[in-house]
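Just below is one structure, and these are the notes that go with it.
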Amino acid sequence: DFVVGGSDGLINVESFVANNSLKWRLQWDHFSNIGQFNIYGGFFLTHSTTCDTFSVTVPNDTTLCYGSTLQLNVSGGQRYEWSSPRGTPQNPAPGLSCANCPNPVFSADSSMFYTVRIWNNDSCSVVRPIKMNVRPQPKFGSITGNPSQCGTNNGNIVVNAANGTTTPILYTLNNGTPQSSGVFSNLGSGSYTLSFTDGNGCKSKDTLIVVSEINTTNAQFTVSPSYGTVPLTVALNNTSQNATDFLWSVNGVSQGNNLNSYTCDPSGVYTFELIAWQYDPSCADTFALSVTAVDRLIIPTAFTPDGDGANDFWELPNIDAIYPLNVVNVYNRWGEKIYESNQGKYASNPWKGTINNEVLPVGSYYFIIETGQLEVRDLKGSVSIVK
């Protein structure tokens with residue numbers, strides 16, 4: 001019969017099963033009249049049916065490069081469930097675009113193990129494992145380079161993959177044609193994107209490198225003298241380096257590409273400027289020097305300190321403007337200094353032909369005018385007191 005008795009039992013209920021469903025009831029009795037009762041508080045009822053064999057197709061274990069994607073195609077079922085030991089209830093299959101479809105896209109950045117459960121119409125299922133092996137992204141070993149000279153394209157980049165990278169290696173600059181050499185030459189200044197693929201076809205991370213620009217042109221010249229009285233003729237010597245083209249100017253006025261000498265007249269400050277370049281005017285270097293030209297100092301040879309209000313002192317017109325650091329010294333015929341001016345202030349206290357407020361006798365006296373300019377030698381001569 002279909003009564004279970006004793007400690008446990010097994011009943012074939014196949015004849016009761018219709019459409020894969022079974023209604024069952026658990027019942028126990030308490031025989032109080034004989035002091036007996038059922039000690040079993042619960043039962044487990046298992047119903048299993050024989051599933052028909054069905055065929056499924058799943059992809060083989062696959063190895064791919066870091067950063068790539070691959071669509072996985074599974075067939076043979078009506079419902080699919082993907083999962084991974086690294087999954088969570090919220091994301092049971094990390095790295096896959098979906099967990100309940102037959103064709104998820106794999107895009108993980110590391111190796112993953114998955115299982116896919118495939119269900120058929122009879123609510124039967126099979127489980128298949130799939131391993132996705134991800135190769136690590138290849139890395140650069142070194143990137144070096146040389147700058148480009150301004151106006152040219154003579155810079156370069158030298159790149160090497162890290163030691164142990166699978167060969168053959170192909171290097172690419174700015175998504176151009178891949179090459180086996182890691183040397184890229186004839187580069188102008190600017191930014192470049194480097195990458196390479198290893199022997200497995202795996203691509204490195206794009207790396208940005210900047211080729212800098214240098215200007216080796218050095219504009220230089222000398223001018224002599226840099227100070228003097230008008231008309232002052234100065235000599236200019238072009239000592240520029242790494243330059244083939246030049247443009248001279250004086251006080252902003254162009255003087256052409258060659259200037260060996262120049263006469264400064266009238267007095268004033270003259271600024272000489274040289275622009276030099278080698279390949280392109282936009283890569284020029286500039287250098288400038290100034291020359292000061294002053295009016296010629298007029299030195300009287302005699303004066304009359306007689307108190308008549310005319311020519312009573314030794315007048316040196318504009319000496320303080322011409323030689324701002326001047327010092328005037330006067331000596332008698334025995335070489336004794338009888339007068340010395342304050343630096344740059346002769347006009348405020350000129351020599352009046354006296355010593356200790358006493359007028360000196362008629363005769364010749366000797367002077368030394370210290371110009372205070374390294375480029376201009378001291379002025380020497382004699383001056384006479386006459387009546």
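The values are calculated or read from the model by the stated rules, or taken from the named source; none is laboratory data. Quick caveat, the model's predicted, so the values are computed rather than measured. Cβ atoms come from the backbone with ideal geometry, glycine included; neighbour counts cover every protein chain shown. The area values use the complete protein model at the heavy-atom level, side chains included, leaving out ligands, DNA and RNA. Shrake-Rupley method; radii C 1.70, N 1.55, O 1.52, S 1.80 Å.
Accessible surface area normalised per residue over the chain is 61 Å², counting heavy atoms of protein chains with a 1.4 Å rolling probe.
Rolling a 1.4 Å probe across all protein chains gives ASP245 an accessible area of roughly 60 Å².
Annotation: average projected area of region 193-310 is 13.6 square nanometres, based on the convex hull of Cα atoms across all directions. Place a label point 7 angstrom from the Cα of ASP265 along the Cα-to-Cβ direction, then list the residues of region 228-249 whose backbone nitrogen is under 18 Å away. Zone members listed by number: 228-236.
Extent of the chain along its three principal axes (Cα atoms, max minus min coordinate, largest first): 172, 60, 33 Å. Evaluated at q = 0.13, 0.19 Å⁻¹, the base-10 log of the normalised Debye intensity for region 99-162, with identical point scatterers placed on the Cα atoms, takes the values -0.62, -0.87. Under a Cβ-Cβ cut-off of 12 Å, what is the net charge of the residues other than TYR227 that fall near it, where Lys and Arg count +1 and Asp and Glu count -1? Around TYR227, the charge tally is 0.
Compactness check for region 253-387: Cα Rg over 2.2 N^0.38 Å is 1.52.
Shape index of region 310-369: Rg/Rh, with Rg the Cα radius of gyration and Rh the Kirkwood radius from the inverse mean 1/r over Cα pairs, equals 0.95. The H on the amide N of LYS139, modeled in the peptide plane, is under 5 Å from the matching H of ALA162, each at least 5 residues off or on a different chain.
Normalised by 2.2 N^0.38 Å, where N counts its residues, the alpha-carbon radius of gyration of region 346-387 equals 1.40. Computed over neighbours whose Cβ is under 14 Å from that of ASN342, the net charge equals -2, Lys and Arg +1, Asp and Glu -1. Counting other C-beta atoms within 10 Å, and keeping those with at most 13, which DSSP coil GluC sites (Glu not before Pro) do you find in region 301-377? In loop regions of region 301-377 (DSSP not H, G, I, E or B), the sparsely surrounded GluC sites (Glu not before Pro) are GLU336, GLU375. Rg over Rh for region 121-275 works out to 1.45, using Cα positions for both radii and the Kirkwood form for Rh. With a Cα cut-off of under 27 Å and a minimum spacing of 8 residues unless on different chains, the lysine pairs in the chain number 12. Other residues lying with their Cβ under 14 Å from the Cβ of LYS203 contribute a combined charge of 0, Lys and Arg counting +1, Asp and Glu -1. Based on Cα contacts under 8 Å between residues 6+ apart, region 208-254 shows a relative contact order of 37 percent.
Annotation note: chymotrypsin sites (Phe, Trp or Tyr not before Pro) in region 317-387 located in DSSP loop regions with a Cβ neighbour count of at most 10 within 10 Å are TRP334. Note that region 67-146, at 37 °C in a medium of 0.692 mPa s, gets a Stokes-Einstein diffusion coefficient of 232 µm²/s from its Kirkwood radius over C-alpha pairs. Between LYS131 and ILE143, the simple label model (points 7 Å from Cα in the Cβ direction) yields a spacing of 3.5 nm.
Taken over the C-alpha atoms, region 161-251 has Rg and Dmax values of 25.7, 81 angstrom.
For the chain, the share of accessible area belonging to carbon and sulfur comes to 48 percent (1.4 Å probe, ligands and nucleic acids excluded). So if the hydrodynamic radius of region 121-190 is defined as the Kirkwood radius over C-alpha pairs, what does Stokes-Einstein give as its diffusion coefficient at 10 °C and 1.306 mPa s, in µm² per second? For the chosen part, D equals 101 µm²/s.
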